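Data first, discussion second: the structure below is written as structure tokens.
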Amino acid sequence: MKPAPAYTGYVFRRADLNDFEIPASPEHVAHVSYATTLMKSGVMIATVEHLLSALMGCGVDNTIIEIDSVEAPILDGSSGQWVALIEQVGIVELQAPRAYLRVLKRVEVSERDRVMSIEPADEFRITCLIDFKHPMIGAQRREISLCAGDYSKEIAPARTFGFVEEIEMLRQNGLARGGSLENAIALTRDGMLNPEPLRFDDEFVRHKILDIIGDLALCGMPVLGHVRASRSGHGLHTMLLSTLLRDREAWEVTNVQPYQP
Ligand SMILES: [Zn+2]
């Protein structure tokens, strides 16, 4: 990750393809079943959501992300290592007013029993419910505010999870190439394969919040709005963002500093 001028947003640069640039933006979202993939002129960057989540969670608004591969490193399946690296190098405050995407009216999208909405708020708040018929998960609900600085401790360490059969399928599709117990919670029918315990009792819903933050980071600036998500996935996250952005009365870009707790 390299410094970038104000209002750059997040731009991926494929170092292995003559520095071809793909801005993180909803118009370049290509494929979103298990991971969020960006594509521009046939050039792809897969699995960008954890890295984007770390950037937004740490309050980074502008950066060039150089990468020499088609997929962002999965690391341990969370955004904890990205956050540690960002905190280690530090963030420079630019001499320009911060631009926020302020939600002005409620927008909702749904798909069968999956529902997601965003409504006006003076901060970026997420209320998330997941419900998996699995003895280790069940129904989990959590709410966080990004302004409260909870991201690095409460959300970033939460790992991605998958069912053993699905991980096999991901590999067949060329994703999760380094997939192993080191970078995901691997769920079996009634337990998990990982020898170490969960990092939180509700690590699963925390990771879902991590994904929501990463997918909404595709708007390229901090969001002022309250997201409510129920049984959502990458497809619904990006659908909410594109539905919101298509409705020109539902949002504005503002430089007004919101209330900070
Ligand atoms: Zn994820």
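Model label sites at Ala139 and Leu17, defined 7 Å from Cα along the beta-carbon direction, differ in position by 4.4 nm. May I ask what percent, to the nearest 5, of DSSP beta bridges between residues of the chain are antiparallel? Given both bridge residues lie in the chain, the antiparallel proportion sits at roughly 65 percent. Each Lys or Arg adds one and each Asp or Glu takes one away; over the other residues whose Cβ falls under 15 Å from the Cβ of Glu66, this sums to -2.
Here the stretch 93-194 exposes an accessible surface that is 47 percent carbon and sulfur, computed with a 1.4 Å probe and the other protein chains kept in place.
Evaluating 6.51 cos²θ - 1.76 cosθ + 1.60 at θ = phi - 60° for every residue in the stretch 223-236, the Karplus couplings come out as 9, 10, x, 10, 8, 10, 10, 10, 6, 7, x, 3, x, 5 Hz, glycine and proline recorded as x. Close amide H partners of Thr8, meaning residues 5 or more places away or on another chain with modelled amide H under 5 Å apart, do not exist here. Each Lys and Arg contributes +1 and each Asp and Glu -1, all at the Cβ; summed about the Cα centre of the stretch 107-261, the dipole is approximately 220 debye.
Amide H contacts of Lys40: none lie under 5 Å away among residues 5 or more positions distant or on a separate chain (H built 1.01 Å from N in the peptide plane; Pro and chain starts excluded).
Placing unit charges on each Cβ (+1 for Lys and Arg, -1 for Asp and Glu) gives the stretch 42-106 a dipole about its Cα centre, and among Val83, Leu51, Leu101 the Cα reaching farthest toward its positive end belongs to Leu101. Rounded to the nearest 10 square angstrom, Leu146 shows an accessible area of 30 square angstrom against a 1.4 Å probe. Whole-Hz Karplus values for the stretch 149-162 come out as x, 7, 4, 5, 8, 8, 10, 3, x, 6, 8, 5, 9, x Hz, taken residue by residue from phi with 6.51 cos²θ - 1.76 cosθ + 1.60 and θ = phi - 60°; glycine and proline positions read x. Identify the residues of the stretch 54-79 with backbone N under 14 Å of a label point that sits 7 angstrom from the Cα of Met44 along the Cα-to-Cβ direction, or state none. Zone members listed by number: 69-72. Equivalent-ellipsoid semi-axes for the stretch 44-135 (Cα gyration tensor, √(5λ), whole Å, largest first): 27, 22, 13. For Glu71, the amide hydrogen comes within under 5 Å of the amide hydrogens of Ala46, counting only partners 5 or more places away or on other chains and with H modelled in the peptide plane. Annotation note: trypsin sites (Lys or Arg not before Pro) in the stretch 183-221 located in DSSP loop regions with a Cβ neighbour count of at most 12 within 10 Å are Arg189.
Going through the stretch 70-115, which trypsin sites (Lys or Arg not before Pro) have at most 14 other Cβ atoms within 10 Å and a DSSP loop state? Qualifying residues, ordered by number: Lys105, Arg106, Arg112. Computed on the Cα trace of the stretch 131-261, the radius of gyration divided by the Kirkwood hydrodynamic radius gives Rg/Rh = 1.01. Temperature 4 °C, viscosity 1.567 mPa s: under these conditions the Stokes-Einstein estimate for the chain, based on its Kirkwood radius over C-alpha pairs, is 70 µm² per second. Charging the Cβ of each Asp and Glu at -1 and of each Lys and Arg at +1, and nothing else, the dipole of the chain about its Cα centre rounds to 420 debye.
The values are calculated or read from the model by the stated rules, or taken from the named source; none is laboratory data. Fair warning: this is a prediction, and the values are worked out from it, not measured in the lab. With ideal geometry, Cβ positions are generated from the backbone for all residues, glycine too; neighbour counts draw on all protein chains shown. For the accessible areas, the whole protein counts, side chains as well, though only heavy atoms, and no ligand, DNA or RNA atoms are used. Shrake-Rupley method; radii C 1.70, N 1.55, O 1.52, S 1.80 Å.
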